[in-house]
1. Restricting region A:31-49 to residues that are surrounded by fewer than 17 Cβ atoms within 10 Å (Cβ to Cβ), of a type in the set (A, V, I, L, M, F, W, C) and within 18 Å of residue A:74 (Cβ to Cβ), which is farthest from the other protein chains (Cβ to nearest Cβ)?
2. Does residue B:85 satisfy the criteria of being part of a helix (DSSP H, G or I) and β-branched (Val, Ile, Thr)?
3. Tell me which residues, restricted to region B:42-87, are touching a Lys or Arg at 6+ places or on another chain (Cβ under 8 Å) and away from chain A (no Cβ under 14 Å).
4. I'm trying to understand the selection: among the residues of region A:1-16, which are surrounded by fewer than 14 Cβ atoms within 10 Å (Cβ to Cβ) and either under 21 Å from residue B:48 (Cα atoms) or at pLDDT 90 or above (or both)?
5. Being charged (D, E, K, R), surrounded by fewer than 20 Cβ atoms within 10 Å (Cβ to Cβ) and touching a strand residue (DSSP E or B) at 6+ places or on another chain (Cβ under 7 Å) narrows it down to one of B:104, B:122, so name that one.
6. Select from region B:91-114 the residues that are part of a helix (DSSP H, G or I) and in contact (Cβ under 8 Å) with a residue 40 or more places away in the chain and write down the one among them that is farthest from residue B:183 (Cα to Cα).
7. State whether one or more residues within region B:233-249 are aliphatic (A, V, I, L, M) and within 12 Å of chain A (Cβ to nearest Cβ).
Amino acid sequence: MPLHFELVTPAKLVRSEDVHMVVVPGTDGEFGVLEGHAPFMSTIRDGAVQVYKTPGAAPETIEVRGGFAEVGNAGLTVLAEHVEG
Amino acid sequence: MPSLKELKGRINSVKSTQKITKAKQMVAAAKLRRAQSAAEAARPYQERLAAVMASLASKVSGDNAPKLLSGTGSDTKHLIVVVNTDKGLCGALNSNLVKAAKAKAQSLIGQGKQVEFYLVGKKGRAPLKRDFADRIGKHFDTSTVKTPGFDEADAIGTELLEMFEAGAFDVAHLVYPVFKTALSQDPTIDQLIPVPSPEEAAGDSGAVVEYEPGEEEILEALLPRYVKTQLFGALLEREASEHGASMTAMDNATRNAGELIKDLTIQYNRSRQAAITTELIEIIAGAEAL
């Protein structure tokens, strides 16, 4: 089962796709989110979100600044203020 | 009766005015499309943020709620944030906004509150100054940037939050246009600070959500962002409304100019014929007299 991952900034919806795992730079440390993760909410610090499309694949990194990550039934939603590139 | 030359001059001047209004209309139509898609692109963020807010605000309530959510406890100093456009030629949009802001200010003053204005955009300054010259506070200039983005909303939000922290006001209202169609943009007044408690989302999953660092810390970081998002939304609505209203106003102006040209052309032709007839009569009368 893939994890539904959304990355949203005020300007636009940057990503909305199904992936294997996402590693999010939380304020209290990085955390990885897989499918079926318990409901969780965290502020994030400036850093790279690593997106693993498939198990074992090389991660794709997206630099984000300021925001929140929320894990719910619908998957992982990252609300970032800015996304590099 | 104006002379033929004068009429010709007027027709030409109306024609060049029509060219300008037509060009402006087409520019507004193109920009409207862009502004609308920008407003649509911003919606997912707003929706998600509002949903997160709703779930958090219901958990953190009572005495330990942050000031931005519960208010300062008093209700005497009000700030009215008016979002106007920077450019004119957009029909009654700005005067409607100013009218709404004035009505709100008057009713608050009637209740014995202190009212101050914070103006965004150029066009609201003059009309509001006429009535509330001593109540105009700060002014944020958005005319230097082509299209206001989140950076501007961020700057406005930061300034407002600083004023709130310093106790400059207790309640802030946001007056901005809501784009419905190109024909109608309604001035809307929303409470900005303290953040109105969002309604509990129906069908809450009931699952226990873990928070990191903690509910209050997250809420404290989230509230300023929510205020800024509201401002950003207002700026985007303003853009769309400005171009929509401008398109409609310029369409009317182009049509009016067309009618005016038609009338003037008829008048011109009539006087030309009258002049020819008079000349002929003079020649014939002269020939007969010989």
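1. Step by step, filter region A:31-49, then rank; the result is A:34.
2. no
3. Scanning region B:42-87 gives B:75, B:76, B:77, B:78, B:80, B:83, B:84, B:85, B:86, B:87.
4. The one that is surrounded by fewer than 14 Cβ atoms within 10 Å (Cβ to Cβ) and either under 21 Å from residue B:48 (Cα atoms) or at pLDDT 90 or above (or both): A:16.
5. Sole residue among the options that is charged (D, E, K, R), surrounded by fewer than 20 Cβ atoms within 10 Å (Cβ to Cβ) and touching a strand residue (DSSP E or B) at 6+ places or on another chain (Cβ under 7 Å): B:104.
6. Among those residues, the one meeting the criterion is B:104.
7. Within region B:233-249 (the criterion being aliphatic (A, V, I, L, M) and within 12 Å of chain A (Cβ to nearest Cβ)), the answer is yes, since at least one residue qualifies.
This table checks each residue for (1) touching a residue at least 40 places away in the same chain (Cβ under 8 Å); (2) away from chain A (no Cβ under 14 Å); (3) in a helix (DSSP H, G or I); (4) basic (Lys, Arg).
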site	(1), (2), (3), (4)
B:89	yes, yes, no, no
B:119	no, yes, no, no
B:127	no, yes, yes, no
B:137	yes, yes, no, no
B:144	no, yes, no, no
B:160	yes, yes, yes, no
B:177	yes, yes, no, no
B:191	no, yes, no, no
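The values are calculated or read from the model by the stated rules, or taken from the named source; none is laboratory data. Quick caveat, the model's predicted, so the values are computed rather than measured. Reconstructed Cβ throughout: ideal geometry from the backbone, glycine too, with neighbour counts over all protein chains shown.
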